[in-house]
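The values are calculated or read from the model by the stated rules, or taken from the named source; none is laboratory data. The shown structure was predicted, so the numbers you read here are calculated from the model rather than taken from an experiment. Glycine also receives a Cβ, built like all others from the backbone with ideal geometry; neighbour counts cover every protein chain displayed. Please note that ligands, DNA and RNA were not included when accessible areas were found on the heavy atoms of the full protein model with its side chains. Shrake-Rupley method; radii C 1.70, N 1.55, O 1.52, S 1.80 Å.
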Amino acid sequence: MADIDTAMVSEAQPARRGRRRRGGEKATPDLFPQKPFRQPRHIFKPVEAISADELESIHDASMRVLEEIGIDFLHEEAKAMLKAAGADVTPGQDRVRMDRALVEELIAKAPAEFTLHARNKSHNLQIGGDAIVFSCVASAPNVVDRDGGRRPGNQEDFRKLLKLAQFFNIIHTPIGYPVEPVDIHASVRHLDCIADAVRLTDKALHLYSLGKERNQDGIELARIALGLTPSELVDTPCIVTVINTSSPLRLDTPMLQGLIEMARAGQVSIVTPFTLAGAMAPVTVAGALTLQNAEALAGIAFAQLVRPGAPVVYGGFTSNVDMKSGAPAFGTPEYMKAALVSGQLARRYQLPFRSSGVCAANTVDYQAALESTLSEWGAINGGANIIKHAAGWLEGGLSAGFEKFITDIDLLQKIAEYLTPLDVSEESLALDAIRDVGPAGHFFGTEHTQARYKDAFYPPIVSDWRNYETWQEAGSPIAYDKANRLYKEALAAYEQPPLDPAVDEEITAFVEKRKAEGGAPTDF
């Protein structure tokens, strides 16, 4: 994957170049300091939160869940396939019990690493190994900013958030709709949303597994966008879905249809149990992880039964609830511990690992910054390869925040800088500069400093480093004020990526055809 990373660094250009801001002022690189598009790498060893023996105890308990208790598969074809493979399926029932030997045999077929392709090849992504992918908020039913307040998701804000995801290089792909545009009918929403993603971004694509038809439509739109033949598509992972189990111990029909369609097409499924300790999972972190592991492995094993070698990702989303209200809590010590152990489990099975950068805060405040940072820290130290919801997540996922998007971008860019290897070359050791300055001097004016000061340190986009008097004279702005201004300036500086007119026409024709056919079935 070194060649892909080299291409990312050499070919990708800042999205803002050449645009003009309101009032005619040019959008200079100083407006949004950012590095070219590239994936950060895990340069530090993941934290091992528990011993090898303790890890095996969670694995064994998970296997016992699959063997002795079983999981409900709410799909007749899936149950027939599992029964044919040797699973214990009682006729007329949904419960499926799987022997650990069968589970381990199947998950061993999943690739440890693979490439996720984008229509812009410089935005291809390595999934697995030491590579990291940051994705923005997804699936929020509401959107919020200071000017418009909290409001239901809509297509206009959906498109604005996609533009931000394209503009900022630290967002590698938007895995999910940043906000759900509920002003588009559910039968055709997926068609408009994926078409918008194709046109407004040139990064890897996503679809929701909400019925067979939506999967098939999304896969076909990805095929058109990348200019692939049906046979090429199977060998070119280019669209992602998230498969959530209905914890505890259930895989429902839409999710199983998604696993089947995605695996058959050679596309990527991130299997993620929604295990909240104290609610849909045991109140202990170890018990919640046992349930998470059993459910994740059941889905991953089934995907390999559909198509051996189908690209999959081990998803960890275990957190806890507020035992006073039952509300989900994120960025907690328990969430961090679960992320660390989830990473250990994923590495045990040689699978890529997905975690999240989430919070329970209702606005952009101390709580939002603290919980998001702790979530990211758990994900990074857990060795996560995909970090979802890393920019813009608020209110436990019920809102996508424009200002929060910007503050999170600053956090992610700082994390990426932290993960940049330290330069200890002869020039960086600076012996000549130290010799020239000597005792009691300063380094501001040295040739060594003058040659490096412009890019010596990470330049924050939200943090304010002015002294108190200068800050006060400027009106005492807070981070929320600056983020409100910056998201608008980023939208003004956004440039739509080029799209082959023939591809654009084919996308339009497909969407119109499927809309004329009624889109995906709904009950309203």
TODO: With respect to residue 60, determine if the residue is touching a Lys or Arg at 6+ places or on another chain (Cβ under 8 Å), surrounded by fewer than 20 Cβ atoms within 10 Å (Cβ to Cβ) and of a type outside the set (A, V, I, L, M).
DONE: no
Open item on the list: Can you confirm whether residue 65 is of a type in the set (A, V, I, L, M), modelled with pLDDT of 95 or more and farther than 19 Å from residue 345 by Cα?
Closed with: no
Task: Residue, nearest to the chain's Cα centre (by Cα), within the stretch 292-320, restricted to residues that are part of a strand (DSSP E or B) and not aliphatic (A, V, I, L, M) - done: 315
TODO: Could you tell me whether any residue of the stretch 94-110 is open to solvent by 70 Å² or more (accessible area, probe 1.4 Å), under 30 Å from residue 127 (Cα atoms) and of a type in the set (A, V, I, L, M, F, W, C)?
DONE: yes
- [ ] Filter the stretch 71-93 down to residues that are surrounded by 14 or more Cβ atoms within 10 Å (Cβ to Cβ) and under 31 Å from the mean Cα position of the chain (by Cα), then give me how many there are.
- [x] 9
- [ ] Return yes when residue 159 is modelled with pLDDT of 95 or more and in a loop (DSSP other than H, G, I, E, B) and no when it is not.
- [x] no
TODO: Among the residues of the stretch 274-299, write down those that are open to solvent by 10 Å² or more (accessible area, probe 1.4 Å) and under 11 Å from residue 244 (Cα atoms).
DONE: 274
Task: Among (1) touching a Pro at 6+ places or on another chain (Cβ under 7 Å); (2) part of a strand (DSSP E or B) - the single one residue 383 does not satisfy - done: (2)
Task: Residue among 385, 381 that is open to solvent by 20 Å² or more (accessible area, probe 1.4 Å) and under 17 Å from the mean Cα position of the chain (by Cα) - done: 381
Task: Qualifying positions in the stretch 446-463 - in a loop (DSSP other than H, G, I, E, B), over 25 Å from residue 409 (Cα atoms) and open to solvent by less than 60 Å² (accessible area, probe 1.4 Å) - done: 446
Task: The listed residue being under 28 Å from the mean Cα position of the chain (by Cα) and closer than 23 Å to residue 195 by Cα, out of 481, 504 - done: 504
Open item on the list: Given the options 403, 395, 417, name the one that is of a type in the set (Asp, Glu) and touching a strand residue (DSSP E or B) at 6+ places or on another chain (Cβ under 7 Å).
Closed with: 403
Open item on the list: Considering only the stretch 147-160, I want to know if a residue exists there that is surrounded by 21 or more Cβ atoms within 10 Å (Cβ to Cβ), closer than 21 Å to residue 38 by Cβ and among the aromatic types (Phe, Trp, Tyr).
Closed with: no
Task: Sole exception among (1) farther than 14 Å from residue 510 by Cβ; (2) in contact with a helix residue (DSSP H, G or I) (Cβ under 7 Å, 6 or more places away or on another chain); (3) open to solvent by 20 Å² or more (accessible area, probe 1.4 Å) for residue 223, by number - done: (1)
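The rows are residues; the columns are (1) open to solvent by 10 Å² or more (accessible area, probe 1.4 Å); (2) touching a residue at least 24 places away in the same chain (Cβ under 8 Å); (3) not in a helix (DSSP H, G or I).
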position: 262; (1), (2), (3): no, yes, no
position: 272; (1), (2), (3): no, yes, yes
position: 355; (1), (2), (3): no, yes, yes
position: 371; (1), (2), (3): yes, yes, no
TODO: Return yes when residue 323 is open to solvent by 10 Å² or more (accessible area, probe 1.4 Å), among the aliphatic types (A, V, I, L, M), touching a Gly at 6+ places or on another chain (Cβ under 7 Å) and part of a loop (DSSP other than H, G, I, E, B) and no when it is not.
DONE: yes
- [ ] Please work out which residue is most open to solvent (accessible area, probe 1.4 Å), limiting yourself to the stretch 464-487 and to residues that are among the small types (Gly, Ala, Ser) and in contact (Cβ under 8 Å) with a residue 40 or more places away in the chain.
- [x] 479
Task: Residue count, the stretch 119-140 (criterion: of a type outside the set (S, T, N, Q) and open to solvent by less than 10 Å² (accessible area, probe 1.4 Å)) - done: 11
